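Participant: Got a structure for you, written out below as structure tokens; questions coming shortly.
The values are calculated or read from the model by the stated rules, or taken from the named source; none is laboratory data. Note that the coordinates shown come from a computational prediction; the quantities given were computed from them, not determined experimentally. Here the Cβ positions follow ideal geometry from the backbone for every residue, glycine too, while neighbour counts run over all protein chains shown. For the accessible areas, the whole protein counts, side chains as well, though only heavy atoms, and no ligand, DNA or RNA atoms are used. Shrake-Rupley method; radii C 1.70, N 1.55, O 1.52, S 1.80 Å.
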Amino acid sequence: MSFSLDSEIKERVKAATDIVDLIGSRLELRRQGHNYVALCPWHADRRPSLHVNPQRQIWKCWVCDIGGDVFNFVMQDEGLTFPEALKKLADRAGIPLEDAPRLGSKPARRGPDKRALGQALHWAANFYHRLLREHESAQPARDYLEQRGIGQEAIQRFCIGFAPEGWQTLIDAARQQGFSNRLLDAAGLVIARDSGGFYDRFRRRIMFPIRDRDGQTIAFGGRILPGDDSAAKYINSPETPLFRKHQQLYGFDLAHRSMRQTRVALVMEGYTDVVISHQFGIENAVAVLGTALGEAHLKTLRHYCDRVVLVLDGDEAGQRRSDEVLKLFLQAQLDVRVLTLPEGLDPADFLLRFGASALQEKMAAAVDALEFKVQRVARGFDPLVDTHRASRALEEMLELLSHVSYSGLLSNESFRMRQNQVLTRLARSFGVDEGLLRERLQTLRRRRRHRSASSDAPHLPQWKLSELTLFEQEFFELLVLAPEHASMLLERVPADLMESAPGRALLQVYEQQELNGQSLAFDDVLLAIEEPAIKSLLVGVQEQAIRKNERSRFSVGQRLQAFTHSLGERLTKSRLEQLANQLATRNLHGEDELALLQSIVKEQQVRQGLVRHQVEMAAEEVPPAKEKNSG
């Protein structure tokens, strides 16, 4: 389970990845003594509670009670499995994994690797861009971009291109560069014919390269030329090993630095909206890729900003789309504002007509999303007269508020205050007792919590240190503090002494590590673990062990002596209970009963002698802790 990937490869990747560089590339780190701190992205953090230890190369959030190494930071941050996180960090470090062995696995058939896909897409972006600048048939595309107000600098910066009308233009040019049709197909650039062969996916379209955070082209969006109604207005690349539409934001590679500086993100709907926004100096603008804003987008955004401004077209469709994403924002507890443009204008039109300062004024005046929703549900009728519509509007509003859980209210004072303001306003506007609204909201929250608890969806375990018994905590702390005695401890502690599920899981990791002949030192055991819950648990054990050792007046050797003595008594007691049970349940007579009684006495003598021997050995082999200054 935790040892499927070759430990040497994992060690190389971990050694090449500095945890401060990794987390610092995603969160704003601040030095605090010898360590670093950051606002935790997984809860509504006001004080930096995520700590990064560069010496031990681990991280931990004390509020969420999770932590680990570079691998499970990426797993936690992006929702990846261990092999996916390993691959991502290996790519980041430039370490090839194609030939990395997996214990007990058979060679698998592989398609083109991600590096080859990236090379093909990078070449295609430059190919399309050159055609836009130079090809005769691209004149209508150049005219359209000029008409839309997109200048040459923006065209260059976003590497906008043009795909001509031919069915094999890209294929023929790619062949000369050594790119096979199979590779182009895997990159989403061509489509396989039913009769055999391939043809270009994008034809007679303005091409917008879609790039990841690091600026690498991973896909394309293609807009049909104006006046051509024979095909869809926009098409995107299909999903590939590099591209997941629901995770990407157009322009994010250029916007993320501005987001981090301003702590604000503008989310728009079109490629040209983003291009012109950046052209006007509004560099924290991004767009979704032909899909609704989803959980993965919010997970990305919350790392870079505290506020998200939804820039909506003035039509009714744009207003309705705000309803679709508002629940997600509430669940994520992000501060979301809604900026509604005048009817008939999209962000690009607005900027070209009124300029950047006018849009920035509207951004500053953008209404809170809950206020926006209240305005929408109460629009077009008198709630004191049309009671039927009023009841539906109230239910819709309370249903929306119920998406924030009780725990979310407790951890987010700002939202709690905002909810109270909304409930007071609804009660006044709709002529309803505020207490009744609160009761109904509580009912809806209880129902949602019940549905969530009874869901069949699998949940990854998230074990806490407090779930370990005191015996288990001391056992694992000693494994961490005295790894040279870990083999002796593992040999003496049977699995049935582990009463908790996390204790059994962590013991299994240590036993497997020893069985594989691997080191039992903390760093090596942590590296071997792939499950994030167990990684986090072991980091918690180490943190507690170090803190306890710094405060304790007992040395590690003395703690080991005491534990060994306690273990002997626990095993003796367990064995005597078994023998006593045999005496009580087996109908023994004469010599058999005498023999069993002698076994009990002998068991006690042997155990006492063994415990004394182990205590003496531990005292000799473990050096005492350094004396602490009393003054």
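Participant: Taking a 1.4 Å probe, which of Trp62, Trp167 shows the most accessible area, and what order do the others take after it? Walk me through the numbers before you get to the answer.
Facilitator: Details: Trp62 110, Trp167 135 Å².
Descending order: Trp167, Trp62.
Participant: Can you pick out the pairs among Lys60/Lys362; Lys14/Lys60; Lys299/Lys464; Lys299/Lys362; Lys88/Lys245 whose Cα atoms lie more than 28 Å from each other?
Facilitator: Working: Lys60/Lys362 40 Å; Lys14/Lys60 17 Å; Lys299/Lys464 23 Å; Lys299/Lys362 26 Å; Lys88/Lys245 18 Å.
Correct reply: Lys60/Lys362.
Participant: Restricting to DSSP loop positions (anything but H, G, I, E, B) with no more than 14 other Cβ atoms inside 10 Å of their own Cβ, which GluC sites (Glu not before Pro) remain in segment 52-102? Kindly include the intermediate steps, with their values, before the conclusion.
Facilitator: Values: sites: Glu78, Glu84, Glu98; in loops: Glu98.
Hits after loop and neighbour filter: Glu98.
Participant: Roll a 1.4 Å probe over the protein heavy atoms and report the accessible area of Asp212 in Å², nearest 10.
Facilitator: Asp212 exposes around 40 Å² with every protein chain in place.
Participant: With θ set to phi - 60°, apply the Karplus curve 6.51 cos²θ - 1.76 cosθ + 1.60 along segment 43-58 and write out the HN-Hα couplings as whole Hz, x wherever there is a Gly or Pro.
Facilitator: Taking θ as phi minus 60°, the curve returns 8, 6, 8, 10, 9, x, 10, 9, 10, 10, 9, x, 5, 8, 6, 9 Hz for segment 43-58.
Participant: Next up: With point charges of +1 on the Cβ of Lys and Arg and -1 on the Cβ of Asp and Glu, referenced to the Cα centre of segment 38-102, which listed residue (Gln57, Ala93, Asn72) lies farthest in the positive direction of the dipole?
Facilitator: Gln57
Participant: Along the charge dipole of segment 458-540, Cβ charges K/R +1 and D/E -1, which of Pro532, Leu470, Gln512 sits furthest on the positive end?
Facilitator: Ranked along the dipole, the leading option is Pro532.
Participant: Could you state the number of Å between the C-alpha centres of segment 53-90 and segment 491-562?
Facilitator: Their Cα centres are 19 Å away from one another.
Participant: While we're on this one: Could you sort Arg260, Arg438 by their accessible area in this structure, using a 1.4 Å probe and putting the largest first?
Facilitator: Details: Arg260 50, Arg438 75 Å².
Per-residue accessible area, sorted high to low, gives Arg438, Arg260.
Participant: Go through segment 482-495 residue by residue and turn each phi into a ³J(HN,Hα) via Karplus (6.51, -1.76, 1.60, θ = phi - 60°); whole Hz please, and just put x for glycine and proline.
Facilitator: 10, x, 5, 10, 5, 4, 4, 5, 5, 5, 8, 9, x, 4
Participant: Using the crude model of +1 on Lys and Arg Cβ and -1 on Asp and Glu Cβ, and no other charge, please compute the dipole size for segment 183-289 relative to its Cα centre, in debye to 20. Show your work: numbers first, answer last.
Facilitator: Numbers: 14 positive and 12 negative charges, 30 e Å.
Computed about the Cα centre, the dipole is about 140 debye.
Participant: Any idea how far apart Leu225 and Arg31 come out in nm if each label point goes 7 Å out from Cα toward Cβ?
Facilitator: Each label point lies 7 Å from its Cα, and together they span 5.8 nm.
Participant: Met498 accessible area, nearest 10 Å², 1.4 Å probe?
Facilitator: Its accessible surface works out to 10 Å², give or take rounding.
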